[in-house]
Amino acid sequence: MSDEENDIVLSELDDEELVQQMMDDLYDGLKEEIEEGTNILLERGWQPYDVLTKALVAGMTIVGHDFRDGILFVPEVLLAANAMKAGMFILKPLLAETGAPTIGRMVVGTVKGDIHDIGKNLVSMMMEGAGFEVVDLGINCDVEKYIGALDEEKPDILGMSALLTTTMPYMKVVIDELVAQGRRDEFIVLVGGAPLNEEFGKAIGADAYCRDAAVAVETAKEFMARKHNQARA
Ligand code: B1M
(Lines give C-alpha, C1' and ligand atoms only; values in the text may rest on other atoms or scores of the structure.)
Protein backbone atom coordinates (compact mmCIF):
# COMPACT_ATOMS: atom_id res chain seq x y z
CA MET A 1 0.00 0.00 0.00
CA SER A 2 1.32 3.48 -0.80
CA ASP A 3 1.84 6.11 1.93
CA GLU A 4 -1.03 8.05 0.44
CA GLU A 5 -3.42 5.15 0.96
CA ASN A 6 -2.25 4.85 4.58
CA ASP A 7 -2.92 8.52 5.34
CA ILE A 8 -5.72 9.20 7.76
CA VAL A 9 -8.08 11.95 6.62
CA LEU A 10 -9.08 13.63 9.87
CA SER A 11 -12.21 15.21 8.44
CA GLU A 12 -13.55 11.76 7.49
CA LEU A 13 -13.43 10.46 11.07
CA ASP A 14 -16.44 10.65 13.36
CA ASP A 15 -16.08 12.70 16.54
CA GLU A 16 -15.02 9.82 18.74
CA GLU A 17 -12.43 8.55 16.25
CA LEU A 18 -11.15 12.07 15.69
CA VAL A 19 -10.64 12.72 19.40
CA GLN A 20 -8.82 9.38 19.70
CA GLN A 21 -6.68 10.25 16.68
CA MET A 22 -5.89 13.69 18.15
CA MET A 23 -4.68 12.06 21.35
CA ASP A 24 -2.40 9.83 19.25
CA ASP A 25 -1.22 12.85 17.25
CA LEU A 26 -0.52 14.83 20.41
CA TYR A 27 1.44 11.88 21.72
CA ASP A 28 3.46 11.91 18.49
CA GLY A 29 3.92 15.70 18.66
CA LEU A 30 2.16 16.33 15.35
CA LYS A 31 1.45 20.05 15.56
CA GLU A 32 -0.28 20.52 12.20
CA GLU A 33 -2.59 17.56 12.79
CA ILE A 34 -3.54 18.97 16.20
CA GLU A 35 -4.33 22.33 14.60
CA GLU A 36 -6.42 20.61 11.92
CA GLY A 37 -8.25 18.41 14.43
CA THR A 38 -8.98 21.37 16.69
CA ASN A 39 -10.44 23.32 13.76
CA ILE A 40 -12.55 20.38 12.61
CA LEU A 41 -14.10 19.88 16.06
CA LEU A 42 -14.87 23.60 16.29
CA GLU A 43 -16.44 23.53 12.81
CA ARG A 44 -18.60 20.64 13.99
CA GLY A 45 -19.96 22.85 16.75
CA TRP A 46 -17.84 21.64 19.68
CA GLN A 47 -17.46 24.12 22.52
CA PRO A 48 -13.84 25.36 22.81
CA TYR A 49 -13.72 24.17 26.43
CA ASP A 50 -14.70 20.64 25.37
CA VAL A 51 -12.03 20.54 22.66
CA LEU A 52 -9.51 21.70 25.26
CA THR A 53 -10.41 19.22 27.98
CA LYS A 54 -11.61 16.17 26.02
CA ALA A 55 -8.94 16.16 23.31
CA LEU A 56 -5.91 18.24 24.34
CA VAL A 57 -5.75 17.91 28.14
CA ALA A 58 -6.80 14.26 27.97
CA GLY A 59 -4.05 13.61 25.41
CA MET A 60 -1.45 15.37 27.54
CA THR A 61 -2.45 13.23 30.53
CA ILE A 62 -1.44 10.12 28.58
CA VAL A 63 1.85 11.78 27.64
CA GLY A 64 2.40 12.55 31.34
CA HIS A 65 1.86 8.93 32.36
CA ASP A 66 4.30 7.60 29.77
CA PHE A 67 6.86 10.28 30.69
CA ARG A 68 6.58 9.19 34.31
CA ASP A 69 6.97 5.53 33.34
CA GLY A 70 10.08 6.17 31.23
CA ILE A 71 8.36 5.36 27.93
CA LEU A 72 8.64 8.94 26.64
CA PHE A 73 11.61 11.27 27.12
CA VAL A 74 12.07 15.05 27.25
CA PRO A 75 12.43 15.66 23.48
CA GLU A 76 9.22 13.76 22.73
CA VAL A 77 7.36 15.49 25.55
CA LEU A 78 8.55 18.85 24.23
CA LEU A 79 7.09 18.02 20.82
CA ALA A 80 3.81 16.99 22.45
CA ALA A 81 3.80 20.24 24.47
CA ASN A 82 4.42 22.19 21.29
CA ALA A 83 1.51 20.49 19.55
CA MET A 84 -0.72 21.16 22.56
CA LYS A 85 0.23 24.84 22.55
CA ALA A 86 -0.70 25.07 18.84
CA GLY A 87 -4.19 23.80 19.67
CA MET A 88 -4.45 26.13 22.66
CA PHE A 89 -3.44 29.05 20.44
CA ILE A 90 -6.53 28.45 18.28
CA LEU A 91 -8.80 28.08 21.31
CA LYS A 92 -7.50 31.06 23.29
CA PRO A 93 -9.48 33.85 21.57
CA LEU A 94 -12.61 31.70 21.58
CA LEU A 95 -12.36 31.00 25.29
CA ALA A 96 -11.84 34.70 25.94
CA GLU A 97 -14.80 35.65 23.76
CA THR A 98 -17.46 35.54 26.44
CA GLY A 99 -17.72 39.31 26.60
CA ALA A 100 -17.82 39.04 30.38
CA PRO A 101 -17.05 42.32 32.17
CA THR A 102 -13.74 42.46 34.05
CA ILE A 103 -14.33 40.99 37.48
CA GLY A 104 -10.79 41.03 38.82
CA ARG A 105 -7.13 41.19 38.00
CA MET A 106 -4.57 38.42 38.40
CA VAL A 107 -0.80 38.25 38.17
CA VAL A 108 0.34 34.69 37.48
CA GLY A 109 3.66 32.94 36.90
CA THR A 110 5.49 29.64 37.20
CA VAL A 111 7.93 29.68 40.11
CA LYS A 112 11.71 29.92 40.03
CA GLY A 113 13.50 26.84 38.69
CA ASP A 114 10.42 25.60 36.86
CA ILE A 115 9.80 25.94 33.13
CA HIS A 116 6.47 24.09 32.87
CA ASP A 117 3.94 26.54 31.49
CA ILE A 118 1.12 24.64 29.81
CA GLY A 119 -1.05 24.43 32.94
CA LYS A 120 -0.38 28.05 33.84
CA ASN A 121 -1.24 29.14 30.29
CA LEU A 122 -4.45 27.17 30.51
CA VAL A 123 -5.33 28.85 33.79
CA SER A 124 -4.62 32.28 32.22
CA MET A 125 -6.82 31.47 29.23
CA MET A 126 -9.69 30.25 31.36
CA MET A 127 -9.45 33.20 33.73
CA GLU A 128 -9.50 35.62 30.80
CA GLY A 129 -12.48 33.74 29.37
CA ALA A 130 -14.26 34.20 32.69
CA GLY A 131 -13.69 37.97 32.67
CA PHE A 132 -10.46 38.37 34.62
CA GLU A 133 -7.61 40.55 33.43
CA VAL A 134 -4.46 38.45 33.53
CA VAL A 135 -0.85 39.57 33.63
CA ASP A 136 1.27 36.53 32.81
CA LEU A 137 4.84 36.70 34.13
CA GLY A 138 5.92 33.56 32.32
CA ILE A 139 8.19 30.89 33.78
CA ASN A 140 11.07 30.74 36.27
CA CYS A 141 9.75 33.68 38.31
CA ASP A 142 11.75 34.67 41.38
CA VAL A 143 10.38 36.52 44.37
CA GLU A 144 11.57 39.90 43.06
CA LYS A 145 9.68 39.39 39.82
CA TYR A 146 6.45 38.50 41.63
CA ILE A 147 6.72 41.39 44.09
CA GLY A 148 7.66 43.85 41.32
CA ALA A 149 4.59 42.80 39.34
CA LEU A 150 2.33 43.10 42.38
CA ASP A 151 3.63 46.65 42.94
CA GLU A 152 3.18 47.59 39.30
CA GLU A 153 -0.03 45.80 38.36
CA LYS A 154 -1.87 46.03 41.70
CA PRO A 155 -3.84 42.83 41.09
CA ASP A 156 -6.50 41.29 43.30
CA ILE A 157 -5.00 37.84 42.87
CA LEU A 158 -1.53 36.36 42.83
CA GLY A 159 -1.43 32.97 41.07
CA MET A 160 1.58 30.68 41.25
CA SER A 161 2.18 27.46 39.38
CA ALA A 162 4.72 24.68 40.07
CA LEU A 163 5.02 21.28 38.45
CA LEU A 164 8.03 19.92 40.29
CA THR A 165 8.27 18.72 43.87
CA THR A 166 11.61 20.54 43.98
CA THR A 167 10.13 23.91 42.94
CA MET A 168 6.82 23.95 44.80
CA PRO A 169 8.42 25.02 48.13
CA TYR A 170 9.41 28.27 46.40
CA MET A 171 5.79 29.39 46.63
CA LYS A 172 6.31 29.75 50.36
CA VAL A 173 9.32 32.01 49.76
CA VAL A 174 7.03 34.42 47.89
CA ILE A 175 4.25 34.26 50.48
CA ASP A 176 6.74 34.71 53.33
CA GLU A 177 8.08 37.82 51.63
CA LEU A 178 4.57 39.26 51.45
CA VAL A 179 4.12 38.47 55.15
CA ALA A 180 7.48 40.10 55.96
CA GLN A 181 6.39 43.23 54.08
CA GLY A 182 3.08 43.26 56.01
CA ARG A 183 1.17 42.94 52.72
CA ARG A 184 -0.08 39.38 52.77
CA ASP A 185 -3.73 40.42 53.18
CA GLU A 186 -3.62 42.72 50.16
CA PHE A 187 -3.74 39.77 47.77
CA ILE A 188 -5.70 36.59 47.24
CA VAL A 189 -3.02 33.95 46.75
CA LEU A 190 -4.02 30.95 44.64
CA VAL A 191 -1.62 28.12 43.90
CA GLY A 192 -1.74 25.14 41.57
CA GLY A 193 0.22 22.47 39.74
CA ALA A 194 0.19 18.68 39.54
CA PRO A 195 2.31 17.85 42.64
CA LEU A 196 0.42 20.20 45.00
CA ASN A 197 -2.57 19.44 47.17
CA GLU A 198 -4.88 21.25 49.53
CA GLU A 199 -2.77 20.44 52.56
CA PHE A 200 0.31 21.95 50.92
CA GLY A 201 -1.62 25.07 49.98
CA LYS A 202 -2.68 25.52 53.61
CA ALA A 203 0.79 24.77 54.97
CA ILE A 204 2.45 27.50 52.90
CA GLY A 205 -0.22 30.07 53.74
CA ALA A 206 -1.97 30.31 50.36
CA ASP A 207 -5.65 31.21 50.30
CA ALA A 208 -6.47 28.18 48.16
CA TYR A 209 -5.05 25.32 46.14
CA CYS A 210 -6.69 24.93 42.72
CA ARG A 211 -6.79 21.43 41.28
CA ASP A 212 -7.33 22.60 37.71
CA ALA A 213 -8.12 25.64 35.61
CA ALA A 214 -11.87 25.35 36.08
CA VAL A 215 -11.43 25.21 39.87
CA ALA A 216 -9.08 28.20 39.65
CA VAL A 217 -11.81 30.23 37.92
CA GLU A 218 -14.49 29.20 40.42
CA THR A 219 -12.20 29.85 43.40
CA ALA A 220 -11.14 33.23 42.04
CA LYS A 221 -14.78 34.23 41.52
CA GLU A 222 -15.70 33.17 45.06
CA PHE A 223 -12.85 35.16 46.59
CA MET A 224 -13.68 38.22 44.47
CA ALA A 225 -17.31 38.03 45.59
CA ARG A 226 -16.18 37.88 49.23
CA LYS A 227 -13.82 40.82 48.66
CA HIS A 228 -16.64 42.91 47.19
CA ASN A 229 -18.98 41.98 50.04
CA GLN A 230 -16.34 42.97 52.62
CA ALA A 231 -15.78 46.28 50.82
CA ARG A 232 -19.53 46.99 50.95
CA ALA A 233 -19.89 46.04 54.64
CO1 B1M B 1 8.15 17.78 33.04
N2 B1M B 1 7.80 16.79 34.69
N3 B1M B 1 10.05 17.88 33.52
N4 B1M B 1 8.37 18.59 31.32
N5 B1M B 1 6.38 17.29 32.69
C6 B1M B 1 6.41 16.51 35.02
C7 B1M B 1 5.82 17.63 35.87
C8 B1M B 1 6.53 15.14 35.80
C9 B1M B 1 5.39 14.89 36.81
C10 B1M B 1 6.64 13.99 34.78
C11 B1M B 1 6.73 12.64 35.42
O12 B1M B 1 7.79 12.24 35.85
N13 B1M B 1 5.64 11.97 35.48
C14 B1M B 1 7.94 15.29 36.47
C15 B1M B 1 7.95 15.92 37.87
C16 B1M B 1 8.21 14.91 38.95
C17 B1M B 1 8.22 15.54 40.28
O18 B1M B 1 8.66 16.63 40.52
N19 B1M B 1 7.69 14.80 41.21
C20 B1M B 1 8.67 16.14 35.45
C21 B1M B 1 10.08 16.24 35.34
C22 B1M B 1 10.88 15.33 36.26
C23 B1M B 1 10.71 17.13 34.46
C24 B1M B 1 12.22 17.37 34.30
C25 B1M B 1 13.02 17.46 35.61
C26 B1M B 1 12.71 16.26 33.36
C27 B1M B 1 14.20 16.27 33.09
O28 B1M B 1 14.76 17.23 32.61
N29 B1M B 1 14.79 15.18 33.44
C30 B1M B 1 12.24 18.72 33.54
C31 B1M B 1 12.24 19.93 34.48
C32 B1M B 1 12.42 21.23 33.77
C33 B1M B 1 12.21 22.41 34.71
O34 B1M B 1 11.09 22.86 34.89
N35 B1M B 1 13.26 22.90 35.31
C36 B1M B 1 10.95 18.63 32.81
C37 B1M B 1 10.73 19.20 31.56
C38 B1M B 1 9.55 19.12 30.85
C39 B1M B 1 9.38 19.61 29.43
C40 B1M B 1 10.18 20.89 29.12
C41 B1M B 1 9.81 18.51 28.49
C42 B1M B 1 7.83 19.76 29.31
C43 B1M B 1 7.29 21.16 29.68
C44 B1M B 1 6.89 21.96 28.47
C45 B1M B 1 6.12 23.19 28.86
O46 B1M B 1 5.41 23.27 29.87
N47 B1M B 1 6.27 24.19 28.03
C48 B1M B 1 7.35 18.81 30.42
C49 B1M B 1 6.03 18.30 30.51
C50 B1M B 1 5.10 18.63 29.37
C51 B1M B 1 5.60 17.53 31.62
C52 B1M B 1 4.28 16.75 31.81
C53 B1M B 1 4.37 15.50 30.92
C54 B1M B 1 2.99 17.46 31.46
C55 B1M B 1 2.78 18.77 32.20
C56 B1M B 1 1.58 19.45 31.57
O57 B1M B 1 1.74 20.34 30.75
N58 B1M B 1 0.38 18.95 31.89
C59 B1M B 1 4.31 16.45 33.37
C60 B1M B 1 3.56 15.19 33.75
C61 B1M B 1 2.25 15.49 34.47
O62 B1M B 1 2.02 16.56 34.98
N63 B1M B 1 1.45 14.49 34.56
C64 B1M B 1 5.74 16.61 33.69
C65 B1M B 1 -0.86 19.43 31.31
C66 B1M B 1 -1.36 20.64 32.10
C67 B1M B 1 -2.68 21.07 31.49
O68 B1M B 1 -1.58 20.22 33.44
O69 B1M B 1 0.39 21.53 34.30
O70 B1M B 1 -0.92 19.99 35.85
P71 B1M B 1 -0.88 20.92 34.71
O72 B1M B 1 -1.87 22.13 35.03
C73 B1M B 1 -3.20 21.98 35.50
C74 B1M B 1 -3.31 21.93 37.03
O75 B1M B 1 -2.16 21.44 37.67
C76 B1M B 1 -3.67 23.33 37.41
O77 B1M B 1 -4.48 23.74 36.30
C78 B1M B 1 -3.89 23.25 35.10
C79 B1M B 1 -4.95 23.12 34.05
O80 B1M B 1 -6.03 22.32 34.46
N81 B1M B 1 -2.66 24.36 37.59
C82 B1M B 1 -2.96 25.53 38.24
C83 B1M B 1 -1.39 24.44 37.15
N84 B1M B 1 -0.84 25.59 37.51
C85 B1M B 1 -1.77 26.30 38.17
C86 B1M B 1 -1.72 27.58 38.75
C87 B1M B 1 -2.86 28.06 39.38
C88 B1M B 1 -4.02 27.28 39.45
C89 B1M B 1 -4.09 26.01 38.90
O90 B1M B 1 -2.76 29.30 39.91
C91 B1M B 1 -3.88 29.94 40.31
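The values are calculated or read from the model by the stated rules, or taken from the named source; none is laboratory data. Quick caveat: nothing in here was measured; it's all calculated off a predicted structure. For the accessible areas, the whole protein counts, side chains as well, though only heavy atoms, and no ligand, DNA or RNA atoms are used. Shrake-Rupley method; radii C 1.70, N 1.55, O 1.52, S 1.80 Å.
Observations on the structure shown:
- With the largest listed first and rounded to whole Å, the semi-axes of the equivalent ellipsoid of segment 7-98 from the Cα gyration tensor are 22, 15, 11.
- Database remark: amide H of Glu133 closer than 5 angstrom to the amide H of Ile103, Gly104, Arg105, Met106 (H placed geometrically; neighbours at sequence offset of 5 or more, or on other chains; Pro and chain starts carry no H).
- C-alpha center-to-center spacing [segment 181-233, segment 26-64] in angstrom: 29
- Residue order for Tyr170, Tyr146, Tyr49 - accessible surface, 1.4 angstrom probe, largest first: Tyr49, Tyr170, Tyr146
- Sorted into 5 angstrom bins from 0, the C-alpha pair distances of the chain split as 1, 6, 13, 17, 18, 15, 12, 8, 5, 3, 1, 1, 0, 0, 0 percent.
- Of the listed residues Ile115, Ile62, the order by accessible area with a 1.4 Å probe, largest first, is Ile115, Ile62.
- Contact order, relative form, for segment 117-233: 26 percent (alpha carbon pairs under 8 Å, 6 or more residues apart, mean separation divided by residue count).
- Pairwise alpha-carbon distances in segment 105-232 exceed 22 Å for 25% of all pairs.
- Backbone HN-Hα couplings from phi across segment 7-23 [Karplus 6.51/-1.76/1.60, Hz, Gly and Pro as x]: 4, 8, 9, 4, 5, 8, 7, 6, 4, 5, 5, 5, 4, 4, 5, 5, 5
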